[in-house]
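The values are calculated or read from the model by the stated rules, or taken from the named source; none is laboratory data. Here the structure is a predicted model, which is why all the values come from computation and not from measurement. Here the Cβ positions follow ideal geometry from the backbone for every residue, glycine too, while neighbour counts run over all protein chains shown. Quick note on the areas: whole protein, heavy atoms, side chains included, nothing else; ligands and nucleic acids left out. Shrake-Rupley method; radii C 1.70, N 1.55, O 1.52, S 1.80 Å.
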Amino acid sequence: MKLEETKIEQLRGLLSKAKKVAIIPHKDPDGDAVGACMAWLEALQNNDYEVDVISPTYVPANLRWMKGYEKVIVFDENEKSVEQILNKADMFLFLDFNNISRTGNLSELLRTFKKKYSVLIDHHLDPDKDAADIVFSDISISSTCELCYEILTRVGFKISVNMAEALFAGIITDTGKLSYSSSHPEVYRVVADLIEKGINKEKIYHEIYENTKLDSIRLIGHALRNKLEVMGDTPVAFISLCKKELYQYNFQSGDTEDLVNVPLTIKGIVVSALFTQKKNGLIKISLRSKGNIPINEFAKKYFNGGGHYNAAGGEFYDKLENVIEIFKIKIKDFLKKYKI
Ligand code: 5GP
Ligand code: MN
C-alpha cells in the first residue's frame, strides 16, 4: 500500500506537538475499532504520552482480553468525566469511522472542540475530509488495523506483542477470518509480520469466537428458528428482533454480531438484513450482500447509513413493522438494477 511520505511527516509533526491524546472509536465498536484503539494506546503510552480511550458505547465482552482494555472509558456512562478528559487532551485520534456522526451521542460534544489537533484513520467509503487535520482513508484496505500497522510502522513506533495481537484481532474480525474476496495479498503479508512478533493466534481466535453466552446462542436459535423470513419472490432474507425479544435473552451489544451473515449461507440468497429494535425505539439495520450488489448504496439511500460494498448498516426511527415494510418494497426495487 502507498502511504504518502508527506502525510506521515505531517503526522510525526502533530505527534511531536501533542502530549495528551484522546483515542476515539465509532459507537458499538467492533474488533477492528477496539484493536486499533488498543494498538495506538500502547504505542503512545510506550512513548510517554498521556492517553485516554473514549468509546461512545461499551466494548463487547469478547474483545475485553486486549491489553489496555481497562483504560477504556464509556461515554454513555461517564459523560461528565469524558468532557473533562476531552478538554484536557491536545490531540484526538479517530479510529475506524469516516464521519464524526458515527460516534453517536458523543458526536455533539466532539464537534465543540474545533481547535484540537486531530487525526482520522479509516477504511470506509465517503470519508469526511474535514473531520480531522490529517485524514488517512483507504477504502481498498481490509481494515483500519491493517492501515494502522502500516502507519505505526512508518512513523517509527515499535510494534509490541500486545499491539500485534490487537491489530491481528482487528484484521480477522473485519475480513471474516481472512476469508473475504476483498482481502488482497498485502493483508496476508501484514498478518505474517504480526505472527512473527510472537502473537498467540489460538488464544485470540478462542477469545473472540468461543466466548458466547448461553443466552446469546439461544437468541440466535430463536432468531433462526422463528424469525428468519425469506422473501419468496426475491433472493432476500431477513430477521427482525424487537425490544421484548432482546430483553428476554439478556441482549448485549455484540450478541448478534454474526447473525446477519447466516441467511447469506442459504442457497440463492444474495441479500440479508437484520433489524434490531433498540431500547429507545430506534431500529438498527444490518445489511449484507453477495457479489455485485452495493448494499452500502442501499443503506445510504434508504436507511441513513453506509458502510462497505457487501456489508453496511443504517438506522431508522419508526415502528419495527413499518421499517420492514419499507425495506421489502425498496430492496425489491433496488435489486432490479442488478443481474443476479
Ligand atoms: P454492522 O452490520 O456490523 O453493524 O455494520 C457493518 C458495517 O456497516 C460497519 O462496518 C459500518 O461500516 C457500516 N454501518 C453500520 N451501521 C451504520 C450506520 O448507522 N451508519 C453508517 N454510515 N454506516 C454503518
Ligand atoms: Mn473496520
Identify all residues within segment 305-331 that are in contact with an Asp or Glu (Cβ under 8 Å, 6 or more places away or on another chain), within 16 Å of ligand 2 (Cβ to nearest atom) and free of Cβ contacts under 8 Å to residues at least 40 places away in the same chain; write none if there are none.
-> 305
Residue check for residue 214: over 26 Å from residue 337 (Cβ atoms) and crowded, with 16+ Cβ neighbours inside 10 Å | no
Subset of segment 246-257 (residues that are open to solvent by 20 Å² or more (accessible area, probe 1.4 Å) and either over 26 Å from residue 167 (Cβ atoms) or small (Gly, Ala, Ser) (or both)) = 247, 248, 249, 250, 251, 253, 254
Search result, residues across segment 258-273 that are within 18 Å of the chain's Cα centre (by Cα) and of a type in the set (A, V, I, L, M, F, W, C) | 259, 260, 273
Can you tell me how many residues in segment 126-154 are open to solvent by 60 Å² or more (accessible area, probe 1.4 Å) and closer than 23 Å to residue 185 by Cβ?
-> 4
So which residues in segment 155-200 are loosely packed, with under 15 Cβ neighbours inside 10 Å and among the basic types (Lys, Arg), if there are any at all?
-> 158, 177, 189
For residues that are within 16 Å of ligand 1 (Cβ to nearest atom) and either in contact with a Cys (Cβ under 9 Å, 6 or more places away or on another chain) or of a type in the set (Phe, Trp, Tyr) (or both), tally how many sit in segment 300-336.
-> 6
Would you mind stating whether residue 276 is within 16 Å of ligand 1 (Cβ to nearest atom), under 18 Å from the mean Cα position of the chain (by Cα) and at pLDDT 95 or above?
-> yes
Look through 302, 338 and report the one residue that is touching a residue at least 12 places away in the same chain (Cβ under 8 Å), touching a Lys or Arg at 6+ places or on another chain (Cβ under 7 Å) and away from ligand 2 (no atom under 16 Å from the Cβ).
-> 302
Given 230, 260, which one is open to solvent by less than 30 Å² (accessible area, probe 1.4 Å) and within 19 Å of residue 289 (Cα to Cα)?
-> 260
